[in-house]
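The values are calculated or read from the model by the stated rules, or taken from the named source; none is laboratory data. Computed from a predicted structure; not experimentally measured. Quick reminder, even Gly has a Cβ in these numbers, built from the backbone with ideal geometry, and neighbours come from all protein chains shown.
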């Protein structure tokens, strides 16, 4: 669908930003450009929609040389999400989402339907459509930025470090959202990042750049197992060696089926009784269908006792979770970096199906890293969940 043919970008004074890049991306792929600052990754991506013009070579989209297309028309057919989000502050969320549709003169009724569909996709209430960007949190604004790029039904979406300024939990949640939408809607996404964990999690293939050149272009698994040179090895880092093991263990294979949950309408007194009975200080909160909504802890209950009455009143919605069908080797490092005692596991509908405990994960990491010729699967088979106490 997208092809780079001997593409270079040379600025005045002879500075080479991109040198002789030859790449081909298939329709529906998630491609990540990664490299150090000044490596040429952003320049390469921006040449796809002619925000930056190549000095040499050609870029083809569906076999057409983009230099022969009208630049404005080309950009209207390609979604674009940037780190600073780029929402228009004087426009409502509805107007922001349908901005490209308005430029394309799509009728009002279809714009209305699109706005509602898009905000539903990112699980935000429809009443937010008539608010302004300043009335939303940073994470909510970023979600709107993502769906605005999808609203015009463009096949190609460019993303320039869109989550770089967000906190880890919000960032992780948005990564899951983008990957899910990309797979469901069949979009081709070209994504620039400087975070190897992000690239490994999201990409079908990764283009690693250094000093304007592509030094390796391959799947995450092949890059981990066969780094092209010392630069790639250093970019990967020794702490990701675990991910290089050819292992297909999924999160559901190691999760515990002991998640302690409570629904939003229950009273704080009931929450306290459940905490005391189960000897825990935190409860996962779901709706009546079991869909994860957040969590409550003993501190928030104690702070609000006498003021609020239900679990929903003190619910904290920013919660880190993983999907049951995710590969354990792809999620292990992210989970351990959070420093949490346990992490909820959800299915594709975001229903709580179990938990991963930090204690069990540390044991698995120890067995794999220091054991003799052992994979994650071997460690999982020898792991006894009943030995984990105090969770």
Hits in segment 139-162 - residues which are without any contact (Cβ under 8 Å) to a residue 60 or more places away in the chain, within 13 Å of residue 86 (Cα to Cα) and in contact with a strand residue (DSSP E or B) (Cβ under 9 Å, 6 or more places away or on another chain) | 142
When you go through 239, 253, 297 one by one, which is the residue that is at pLDDT below 90, more than 23 Å from residue 352 (Cβ to Cβ) and surrounded by fewer than 18 Cβ atoms within 10 Å (Cβ to Cβ)?
-> 239
For residue 348, all conditions in the list (1) within 23 Å of residue 121 (Cβ to Cβ); (2) out of contact with any helix residue (DSSP H, G or I) (no Cβ under 9 Å at 6 or more places or on another chain); (3) surrounded by fewer than 15 Cβ atoms within 10 Å (Cβ to Cβ); (4) at pLDDT 85 or above hold save one; what is the number of the exception?
-> (2)
Return the residue satisfying two criteria in turn: it lies in segment 65-84 and is more than 29 Å from the chain's Cα centre (by Cα) and part of a loop (DSSP other than H, G, I, E, B), and of such residues it is farthest from residue 100 (Cα to Cα).
-> 69
Of all residues in segment 87-108 being without any contact (Cβ under 8 Å) to a residue 12 or more places away in the chain and outside any loop (DSSP other than H, G, I, E, B), which is surrounded by the fewest Cβ atoms within 10 Å (Cβ to Cβ)?
-> 108
Return yes when residue 187 is over 13 Å from the mean Cα position of the chain (by Cα) and under 15 Å from residue 29 (Cβ atoms) and no when it is not.
-> yes
Pull up segment 10-47, narrow it to residues that are touching a helix residue (DSSP H, G or I) at 6+ places or on another chain (Cβ under 7 Å) and within 22 Å of residue 231 (Cα to Cα), then point me to the one that is modelled with the lowest pLDDT.
-> 35
Report yes if some residue within segment 204-218 is surrounded by fewer than 17 Cβ atoms within 10 Å (Cβ to Cβ) and within 18 Å of residue 39 (Cα to Cα); otherwise report no.
-> yes
